[in-house]
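The values are calculated or read from the model by the stated rules, or taken from the named source; none is laboratory data. Predicted model only: the values in this text are computed from it and were never measured. Note that each Cβ is placed from the backbone with ideal geometry, even for glycine, and that neighbours are counted across all protein chains shown.
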Amino acid sequence: MFKKFLLIFIFSFLLVAPVLAVEPESVNLLKNTGAAAGYPSQTTDQYSMAATVGAIINIALGILGTVFLGLTFYAGYLWFTAGGDEEKTTQAKAYLYNGLIGMIIVLASYGLSRFVVTSIISATFGG
């Protein structure tokens, strides 16, 4: 059981790792391209504490969401491969229920943290 959760965790980390590995030069290149296209640059809150905490919270919630999505997929796999075994079906239903509750908690946490961080940034920088 632990091996399966470890495998899901490693797989979810591999999905998130490319996002964490973005080079600063590519971010500057994207900002320069956006500025050349006429889009405003959002640099007022780039280095603020609230923006940094918000980014960390968003990364953590993204990883947790991926873990709970993997748990939901695993529950579906268990259910499909149960072969009529009532014990495996009950276990799969429990995993599915826990995965869905986890996804709901992660989405609610994301909405709440986004609201709080946005409110703090707008109150601090006036925008």
Residues being surrounded by fewer than 16 Cβ atoms within 10 Å (Cβ to Cβ), over 15 Å from residue 64 (Cα atoms) and at pLDDT 85 or above: count how many of those fall in region 93-115.
5
Any idea which residue in region 79-92 is surrounded by the most Cβ atoms within 10 Å (Cβ to Cβ), counting only those that are assigned to a helix (DSSP H, G or I) and among the charged types (D, E, K, R)?
88
Unique residue being assigned to a loop (DSSP other than H, G, I, E, B), at pLDDT below 75, exposed (fewer than 11 other Cβ atoms within 10 Å of the Cβ) and not aromatic (Phe, Trp, Tyr) when the list is 41, 26
41
Of the residues 34, 54, which is in contact with a Lys or Arg (Cβ under 8 Å, 6 or more places away or on another chain), at pLDDT below 85 and surrounded by 11 or more Cβ atoms within 10 Å (Cβ to Cβ)?
54
Which residue out of 54, 65, 83 is under 21 Å from residue 115 (Cα atoms), without any contact (Cβ under 8 Å) to a residue 60 or more places away in the chain and not β-branched (Val, Ile, Thr)?
65
Conditions first: (1) at pLDDT 85 or above; (2) more than 21 Å from residue 3 (Cα to Cα). Residue 69 passes all but one, so which condition is the exception?
(2)
